[in-house]
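The values are calculated or read from the model by the stated rules, or taken from the named source; none is laboratory data. Predicted model only: the values in this text are computed from it and were never measured. Because the Cβ atoms are built from the backbone with ideal geometry, glycine has one as well, and the counts that use them run over all protein chains shown.
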Amino acid sequence: MNDLNEGKVLKLMSYIMLGLFAWVTYFNFQGVFIRMVELFESLPMWWYLLVLVLFAVSVVWSISRGEEEIHQIEEEMNQAKQSLVRSERCLRLLQYEVKDIPTFQFSFYCADLLRMLDYQEVRVKNYKFIRAINEVGEKVYIGCFVKEAGESVNKDDLSPLLHTMKRDDVFRGLIMTIAPLSPEVRELAKKYHILCLDDQAIQEIISFVTREGAEMLEMDFV
């Protein structure tokens, strides 16, 4: 209790000292304060308007500067997020060799690769079909095919892709496969302007995009 009372006394004494200091200061500089007030009273109205305008401009500028800083921070955060997402996709692509990708993951693997190639709105449908928009804004339908050892992609495998492209008036197609393509499929792909990527071509593309991604990973973890 004694300590508490002493604290209250010290706080009260500090207030008293501040009050005395303010009174002494005003008493000694009373003339200065009076002259300052008279000076402000003698200033014309346009001066106050000018000060008010400058103050308003400074407030607007401060708000604008704050919005710019917030926008810059948001852009930096978005860039960091995109870099993180790209690094994550790079890691997933590096997880398997193309021929070792599990069958049920192949379409999602291809979807990650397309995203790394700047395809937009990439959507996996029914584990064998992907819809996307390429870098020039065209719709692209992609067929992803995995076969048992010794089997090849045949006409029946390609028919659903061709039917869907015709139904939706899509004129850009892509086949991504780790199985060989039959001669008939190659002819149909050529006829309908469908690009074919076999396991070797896919591996080369992966090597290219993951090289850039690996550099980003090194920069992120250094």
Lone qualifier among Cys144, Cys90, Cys110 - being touching a Phe, Trp or Tyr at 6+ places or on another chain (Cβ under 7 Å) and either on the phi < 0 side of the Ramachandran plot or modelled with pLDDT under 90 (or both): Cys144
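Can you tell me which residue in segment 118-132 is nearest to the chain's Cα centre (by Cα), limited to those that are among the aliphatic types (A, V, I, L, M) and farther than 15 Å from Leu195 by Cα?
Val122
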Residues of segment 6-21 that turn out to be within 56 Å of the chain's Cα centre (by Cα), at pLDDT 70 or above and of a type in the set (Gly, Ala, Ser), as a count: 1
Among the candidates Arg172, Arg131, Arg167, residue that is over 22 Å from Phe104 (Cα atoms), crowded, with 16+ Cβ neighbours inside 10 Å and of a type in the set (D, E, K, R): Arg172
Checking Ala189 against (1) without any contact (Cβ under 8 Å) to a residue 60 or more places away in the chain; (2) assigned to a helix (DSSP H, G or I); (3) over 17 Å from Val140 (Cβ atoms), the condition it does not meet: (3)
Tally, over segment 163-204, of residues that are within 18 Å of Val124 (Cβ to Cβ) and not basic (Lys, Arg): 12
Answer residue from segment 182-204, given it is of a type in the set (A, V, I, L, M) and surrounded by 15 or more Cβ atoms within 10 Å (Cβ to Cβ) and is nearest to Leu158 (Cα to Cα) among those: Val185
Among the residues listed as Lys155, Lys99, Lys147, the single one being surrounded by 14 or more Cβ atoms within 10 Å (Cβ to Cβ) and over 25 Å from the mean Cα position of the chain (by Cα): Lys147
